[in-house]
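Heads up, the thing below is written out as structure tokens.
The values are calculated or read from the model by the stated rules, or taken from the named source; none is laboratory data. All values reported here derive from a predicted model rather than from experimental measurement. All Cβ positions, even for glycine, are placed from backbone atoms using ideal geometry, and neighbour counts span all protein chains on display. Surface areas here come from the heavy atoms of the whole protein model, side chains and all, with no ligands, DNA or RNA. Shrake-Rupley method; radii C 1.70, N 1.55, O 1.52, S 1.80 Å.
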Amino acid sequence: MFRLPCLWGWWIATALVCGRVAHAHVTARAESPVDAGSYVKYDFRLPHGCGNQATNRLEITLPQGIMSATPQSVSGWDVNVETRELSSQEQYVSHGNVITTAPAKIIYDAVTQDDHLESDQYLDFGVVMRFSCSITDGELATLWNERPTLWFPSVQQCVEGGVYEWVGVGTTDETWALLQPHPAPYVHVHSWESCLSGEPGSFTFAGERLDASMQSRTGGVIDEDYVQEQIERVFESLNSKIEALEEQVAQCSCS
């Protein structure tokens, strides 16, 4: 008996699994490696809308440890930076002034309907950030895959009420693309030489004091071995899902 429907069912199920992992995500792309204690420009890329809905708002939450954030002016979009109060231990002096606040969230809003980001287009939102030598965030600063990592949970809102919550945070060795509900943009702290050269001459990350020896674990902007490892993790997860689907399809009875 020819079981074409079952064969189609297998391909459809496989395509759904692969499509879920291949789905474009909000990402953060750096012009240079992150050196704690210095300034780095990042582009947060919004790759698509919510299904067929155009995007009209993007909220980016910043981890504690970002001392300043200067958002890029994007034509047709208003931008607002919300701040948080710094504790007495976090306050610092810049150009002779005591700084008592730090950026907490960046919000972009499309000004008019013509400025909405259509679902088949992408847009980059640039932000210049200064990274502290003491990153104290207990939730958004993690040693993910043994690499100091800062997470930027982002919420994408669309015109008909559609929402994508790019807020999944990795804490151990999870695969980024599989973080739930959708993976948050992140950056790796590649070095902290600027912190080690000053007083008290240390870099504190999520409560852990890191020395110069750990910098060798962070690699460069592109760590090919690390990328390959993540690709293999994704395929391992896909293979296990496909095997489970094949077992289900094998049990189905089609005429």
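Some notes on this structure:
- Cross-chain or 6+ apart pairs with Cβ under 6 Å, region 38-56 first and in contact (Cβ under 8 Å) with a residue 24 or more places away in the chain and open to solvent by less than 40 Å² (accessible area, probe 1.4 Å), then aromatic (Phe, Trp, Tyr) and in a loop (DSSP other than H, G, I, E, B): PRO47/TYR122
- The set of residues in region 130-143 that are open to solvent by less than 40 Å² (accessible area, probe 1.4 Å) and farther than 14 Å from HIS190 by Cβ comprises SER132, ASP137, LEU140, ALA141, THR142.
- A Cβ distance below 6 Å, combined with a sequence gap of six or more or placement on separate chains, defines the contacts here; from region 133-147, residues that are part of a strand (DSSP E or B) reach residues that are open to solvent by 10 Å² or more (accessible area, probe 1.4 Å) and at pLDDT below 85 in the pairs SER134/THR204; ALA141/ALA206.
- Just one of the numbered conditions (1) outside any loop (DSSP other than H, G, I, E, B); (2) farther than 27 Å from ASP43 by Cβ; (3) polar (S, T, N, Q) is not true of THR83: (2).
Yes/no per residue for (1) in contact with a helix residue (DSSP H, G or I) (Cβ under 6 Å, 6 or more places away or on another chain); (2) closer than 22 Å to ILE135 by Cα; (3) open to solvent by 10 Å² or more (accessible area, probe 1.4 Å):
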site	(1), (2), (3)
THR149	no, yes, no
PHE152	no, yes, no
GLN156	no, no, no
GLY162	no, no, yes
GLU165	no, no, yes
VAL169	no, yes, yes
THR175	yes, no, yes
ALA184	no, yes, no
HIS188	no, yes, yes
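- Extreme residue, modelled with the highest pLDDT, among residues of region 139-189 that are within 22 Å of GLY49 (Cβ to Cβ) and charged (D, E, K, R): GLU165
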